[in-house]
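*Asks:* Dropping the structure in here first, questions after.
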Amino acid sequence: MADKTQFGLTALDTVPLHEKVYLELVRALMSGQLQPGQKLTSRKLAKELGTSDMPVRSAFMRLQALRALSPMPNGSVEVPMISADRFQQLTDVRTVLEGTATELATGLINGNNLRAIRRHCAELTQAARSGDIDDYLRKNHDFKFSIYRHCGNEQMIFLIETVWMQVGPFLRNLRIGFEDDLAGILGIDYHEEVVAAIEVQDGERARAAIVRDIDEGATHILKQIKFPELRTNASA
């Protein structure tokens, strides 16, 4: 909630609209709310967000620069399809960055932070048991970043977010094979082991648990879906 000024007025929200739109799209990409191959237009998104086209177009340009969206000939954008090789490469990057961030954060997390992480952990488990893949993906994002944001390295967090914007849309495929009982996904989910390691400040163990979580999830996706055969653009 905004702080009160000395005159009793509510301070105005100074975050620019284009930044709010950008952050909303970033979160949608990272939490798997947008799907690979999905087409997006500034007009439709502006209507959904209750804004004009300009801040949406600005967000599109920023996300194209980060390879999170691809331009289309008609001026719209697309959530990119990627090859199995690129998905594996992104997974390899994730294990290095997120493993390191988790290990660093383990030594910096205090009591209040730990309580929040425990809450996110419980919410992630409940989302799987409830069978809602959208809620599960949102809670998975919230849980992991509730840890990473305590690593003490803003550049590392930026790099993790950039990778997640590319891989996030594919995480929806985690549900494949668990259509009848999403709770089965907990068999390849090690978030409770991550929290247990953080609680005893064992950074090496926490790193190993988060790496296992990432690796087993990616292996499941690679086995379950057929990725398109895409030509690698060495200059991209």
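*Asks:* Round to a whole number: what % of the accessible area of the stretch 1-159 belongs to carbon and sulfur, probe 1.4 Å?
*Replies:* Values: 4740 of 8830 Å².
Here carbon and sulfur together make up 54 percent of the probe-accessible area.
*Asks:* Please identify, among THR14, THR106, THR95, the residue showing maximal mean-square fluctuation in a Gaussian network model of the chain using a 10 angstrom Cα cutoff.
*Replies:* Of the options given, THR14 has the highest mean-square fluctuation.
*Asks:* Anyone know which of SER70, SER52, SER31 comes out most mobile in the 10 Å Cα GNM of the chain?
*Replies:* Among SER70, SER52, SER31, the largest mean-square fluctuation in the Gaussian network model of the chain belongs to SER52.
*Asks:* Moving on to the next point. Rounded to the nearest whole Å², what accessible area per residue is found for the stretch 131-236 with the 1.4 Å probe? All intermediate terms of the calculation are to be shown ahead of the outcome.
*Replies:* Working: 5270 Å² over 106 residues.
That works out to 50 Å² per residue.
*Asks:* Which helices of the chain meet both criteria: a Cα extent of 27 Å or more along the helical axis and a mean Kyte-Doolittle score no lower than -1.0, with helices taken as whole DSSP H segments? If you can, show how the numbers build up before the last one.
*Replies:* Numbers: long enough: 84-106 (32 Å, -0.26); 111-130 (28 Å, -0.77); 203-224 (32 Å, -0.50).
Answer set is 84-106, 111-130, 203-224.
*Asks:* Please work out the average accessible area per residue across the stretch 38-93, using the 1.4 Å probe convention, and give it in Å².
*Replies:* On the way: 3250 Å² over 56 residues.
About 58 Å² of surface per residue is accessible.
*Asks:* What label, among (i) 18.9, 62; (ii) 22.3, 70; (iii) 18.4, 70, belongs to Rg and Dmax of the Cα atoms in Å computed from the structure on display?
*Replies:* Comparing each candidate, only (i) matches the computed number.
*Asks:* Can I ask one more? With a cut-off of 8 Å between alpha carbons and a minimum separation of six or more residues, what is the relative contact order of the stretch 97-233 in percent? Intermediate results must be reported in sequence, preceding the final value.
*Replies:* Working: 144 pairs, mean separation 48.5, N = 137.
RCO, the stretch 97-233: 35 percent.
*Asks:* Can you spot the lysines whose alpha carbon is less than 28 Å from LYS226's alpha carbon? Ignore those fewer than 8 places along the same chain.
*Replies:* LYS39, LYS139, LYS144
*Asks:* A further question follows. Of GLN155, GLN166, GLN126, which is the most mobile in a GNM of the chain whose springs link Cα atoms less than 10 angstrom apart?
*Replies:* GLN155
The values are calculated or read from the model by the stated rules, or taken from the named source; none is laboratory data. Model, not experiment: these values are computed from the prediction. We work out accessible area using only protein heavy atoms, side chains counted, and drop any ligands, DNA or RNA first. Shrake-Rupley method; radii C 1.70, N 1.55, O 1.52, S 1.80 Å.
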